[in-house]
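Participant: Below you will find the structure I want to go over with you.
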Amino acid sequence: MQHYNDWPNAGAFNALQAQTQKAKLEVSGYFPNYLAGTLHRAGPGGYHIPRAECRDADFACDHWFDGFSYLYRFELVPGRDVCSEVHYSSRCHVDGVIDTARRTGRLEGLTFGQKRAMRDTFDNTTSTQPPPELTYASDPTNANIGVSIREPMLCEMPDIKGQRKVLTFDADTLEPLGITRQVKMHPELKGQLSGAHAPHDPKTGEWFNYNLELGPKTIYRVFRANPKTGKVDILAEISDRDLPPAYIHSMLLTENFVILCVFSSLLKNGGMDMLCTRNIMDSLAPLKSSSKVTWLVIDRHGAGLVKKFTSPAFFCFNTTNAWEEPNEDGTVDIMCELFEFKSLDILHRFYYKNLVSNESNTAAFNKAFNKNCRISKTSQLARETGDLQMCNPNYLLRRHRYVWAAQDSGKSSFFDGLVKTDTETKTSVVWSVDKHTPTKPFFIPAPNAQAEDEGAILSIVYNGMTGTSYLLCLDAATMKELGRAEVGAPVGIGFHGKHTPAAR
């Protein structure tokens, strides 16, 4: 089948081949020595597999967020002046999930967007027994978890199977080690939903997140975790009648406050629809422009909820940064930077049938999607800033100027470039190569940097012409290529990851 806009990306959406042994990659150009260390990446490696019985049709995941989770590891070896070698390995950590899908033709439990057969839905609505997704398997290969990576190498995503859980894996071999549930961290964290991105204070080492309990009463619990001591504190428990449950991907953090923004991605009927649909997508209410977004400001030092604001409706995946600006009268302004969407269309775009370049519905969906995104010059400029963004990590919790992101300019059915945005001048610099699909950029600051944008960008890029991927290195200031390391095989297009510097 023809690829959308002649920009092939299908091979990177179904890259199911694992490289469990370290492979030395061919390098062209160079990687600065301060990049020495390990880049871990997590996300879906594939979505389409043959069934166990030949007479059965192939099985396919419907939504990108439900794709079979893989872990990827790039090791950059320090040399005299530049990195001397780059090694690569990968591993599928959901063999149990894939095995079940091969045998049964479905994903068990609650998912993000997997459509259910009519019989499954009927059985679920008529059964009086507790649904199987509210029980847990001890085998970590049965946990399809794969969004973000954080210290101490925890890989996680919003889990809908009864309670929030975290997968721990070996940072060298990528083997899954076990599963930890939030309720084990603190007995009050018994809710079903949580954020995919727990904001982190680089000075204190603390992590912050929320836990959402669905039921007759909606309860948001905002908590703090100290990985050094293992202590977990509930900072606020919020349960207002006018505060509905929502799908909230990420939060914001400043020096003194945690900000939980309840976006306009609201769950119908208090989230109870998920008992029938067994997925988030079909449980979301349409975004109404008349609705309000609620901002909850929680004190980090024990004072609980200190402010509650509302703003016009919008949806957000990823927040960039937040900081405080004191005023002369003693008050404080909280500045929040994030990428907002005026509808939930972006969630529907992430169905594989709309996302993969050679899927049947991709052309029709993207034609409508691109038309809706090009309303005005302001909208076009906003779109050029992309998504899966980050700022210089040394500027977290304080004002920053530059943001790096994956760009979607409409050339392909997915990302088609990497973009650096100057938030002061409202200008951008783009790296883009025809038929090359990048993933999230990682900014690594140069040692003793004098400028905010002094450093390098790492991104895994899929070459649609060769059907293989490479690790790309850009000068973060100019967005010019410094080097690349060829994998020789496709690497799955995933969400996020983490660069860990080598010990010095």
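The values are calculated or read from the model by the stated rules, or taken from the named source; none is laboratory data. Worth saying up front: this structure is predicted, and the values here are computed from it rather than measured. Virtual Cβ from ideal backbone geometry, glycine too; neighbours counted across all protein chains shown.
Participant: So Thr100 clears everything in (1) of a type in the set (S, T, N, Q); (2) within 22 Å of Phe31 (Cα to Cα); (3) modelled with pLDDT under 95 except one condition, right? Which one?
Facilitator: Against the list (1) of a type in the set (S, T, N, Q); (2) within 22 Å of Phe31 (Cα to Cα); (3) modelled with pLDDT under 95, Thr100 comes up short only on (2).
Participant: Between a first residue in the stretch 243-272 that is closer than 18 Å to Ser311 by Cβ and buried (at least 18 other Cβ atoms within 10 Å of the Cβ) and a second residue that is at pLDDT 95 or above and of a type in the set (Asp, Glu), which pairs have beta carbons less than 7 Å apart while being 6 or more apart in sequence or on different chains?
Facilitator: As it stands, the answer is Thr254/Glu324; Phe257/Asp299, since those pairs meet every condition given.
Participant: Could you say which residue among Gly270, Gly302 is of a type in the set (Gly, Ala, Ser) and in a loop (DSSP other than H, G, I, E, B)?
Facilitator: Gly302
Participant: Further question on the same structure: Show me the strands (runs of 3 or more DSSP E) entirely contained within the stretch 1-110 in which 1 or more residues are of a type in the set (Phe, Trp, Tyr).
Facilitator: 68-77, 85-92
Participant: Is it the case, given these coordinates, that Asn321 is in contact with a strand residue (DSSP E or B) (Cβ under 7 Å, 6 or more places away or on another chain), part of a helix (DSSP H, G or I) and either hydroxyl-bearing (Ser, Thr, Tyr) or at pLDDT 95 or above (or both)?
Facilitator: no
Participant: Considering every residue within the stretch 274-286, establish whether at least one is surrounded by 22 or more Cβ atoms within 10 Å (Cβ to Cβ), touching an Asp or Glu at 6+ places or on another chain (Cβ under 6 Å) and over 27 Å from Arg398 (Cα atoms).
Facilitator: Yes, the stretch 274-286 contains at least one residue that is surrounded by 22 or more Cβ atoms within 10 Å (Cβ to Cβ), touching an Asp or Glu at 6+ places or on another chain (Cβ under 6 Å) and over 27 Å from Arg398 (Cα atoms).
Participant: If you don't mind, there's one more thing I want to ask. Being of a type outside the set (Gly, Ala, Ser), farther than 30 Å from Asp81 by Cβ, surrounded by 23 or more Cβ atoms within 10 Å (Cβ to Cβ) and out of contact with any Lys or Arg (no Cβ under 6 Å at 6 or more places or on another chain), is that true of even one residue in the stretch 18-38?
Facilitator: Scanning the stretch 18-38, I find no residue that is of a type outside the set (Gly, Ala, Ser), farther than 30 Å from Asp81 by Cβ, surrounded by 23 or more Cβ atoms within 10 Å (Cβ to Cβ) and out of contact with any Lys or Arg (no Cβ under 6 Å at 6 or more places or on another chain), so the answer is no.
Participant: Scan the stretch 201-242 residue by residue and report those that are assigned to a loop (DSSP other than H, G, I, E, B), polar (S, T, N, Q) and either in contact (Cβ under 8 Å) with a residue 60 or more places away in the chain or within 19 Å of Ala322 (Cα to Cα) (or both).
Facilitator: Hit for the stretch 201-242 is Thr204, nothing else.
Participant: In the stretch 201-258, which residues are closer than 19 Å to Cys391 by Cα, aliphatic (A, V, I, L, M) and touching a Gly at 6+ places or on another chain (Cβ under 8 Å)?
Facilitator: Result: Met251, single match.
Participant: Going residue by residue through the stretch 298-313, is there one that turns out to be at pLDDT 95 or above and surrounded by 21 or more Cβ atoms within 10 Å (Cβ to Cβ)?
Facilitator: yes
Participant: On to the next question. Contact list please: Cβ distance under 7 Å, first residue in the stretch 461-475 and closer than 12 Å to Pro441 by Cα, second residue assigned to a loop (DSSP other than H, G, I, E, B), pairs at least six apart or on different chains.
Facilitator: As it stands, the answer is Cys473/Phe31; Leu474/Lys480, since those pairs meet every condition given.
Participant: Counting just the residues of the stretch 370-410 that are closer than 24 Å to Leu252 by Cα, assigned to a helix (DSSP H, G or I) and hydrophobic (A, V, I, L, M, F, W, C), which one comes out modelled with the highest pLDDT?
Facilitator: Across the stretch 370-410, the extreme among qualifying residues is Ala382.
Participant: While we're here: Restricting the first residue to the stretch 53-64 and requiring it to be aliphatic (A, V, I, L, M), which pairs with a second residue that is outside any strand (DSSP E or B) and buried (at least 20 other Cβ atoms within 10 Å of the Cβ) meet a Cβ separation below 9 Å and a spacing of at least six or different chains?
Facilitator: So the pair list comes out as Ala60/Tyr47; Ala60/Tyr352.
Participant: Also: Would you confirm whether any residue within the stretch 42-51 is touching a helix residue (DSSP H, G or I) at 6+ places or on another chain (Cβ under 8 Å) and small (Gly, Ala, Ser)?
Facilitator: Within the stretch 42-51 (the criterion being touching a helix residue (DSSP H, G or I) at 6+ places or on another chain (Cβ under 8 Å) and small (Gly, Ala, Ser)), the answer is yes, since at least one residue qualifies.
Participant: Scanning the stretch 43-78 for residues that are within 23 Å of the chain's Cα centre (by Cα) and among the acidic types (Asp, Glu), which turns out nearest to Ser28 (Cα to Cα)?
Facilitator: Within the stretch 43-78, the match that is nearest to Ser28 (Cα to Cα) is Glu75.
Participant: Check Ser69 against each of (1) free of Cβ contacts under 8 Å to residues at least 24 places away in the same chain; (2) crowded, with 24+ Cβ neighbours inside 10 Å; (3) polar (S, T, N, Q) and name the one condition it does not meet.
Facilitator: (1)
Participant: Something else now. Those residues that are under 16 Å from Pro8 (Cβ atoms) and either of a type in the set (Lys, Arg) or in contact with a helix residue (DSSP H, G or I) (Cβ under 8 Å, 6 or more places away or on another chain) (or both), I need them from the stretch 411-466; list them, please.
Facilitator: Across the stretch 411-466, the qualifying residues are Lys411, Ser412, Ser413, Phe414, Lys435, Thr437, Tyr462, Gly464.
Participant: Further question on the same structure: Would you point out the residue of the stretch 73-97, among those that are of a type in the set (A, V, I, L, M) and within 19 Å of Tyr470 (Cβ to Cβ), that is surrounded by the fewest Cβ atoms within 10 Å (Cβ to Cβ)?
Facilitator: Per the criteria, the residue is Val77.
Participant: Here's another thing I want to ask about it. With (1) within 17 Å of Leu347 (Cα to Cα); (2) in a strand (DSSP E or B); (3) among the small types (Gly, Ala, Ser) as the list, and Ser264 as the residue in question, which single condition is left unmet?
Facilitator: (2)
Participant: Assess whether Ala10 counts as being surrounded by 17 or more Cβ atoms within 10 Å (Cβ to Cβ) and over 19 Å from Ala502 (Cβ atoms).
Facilitator: yes
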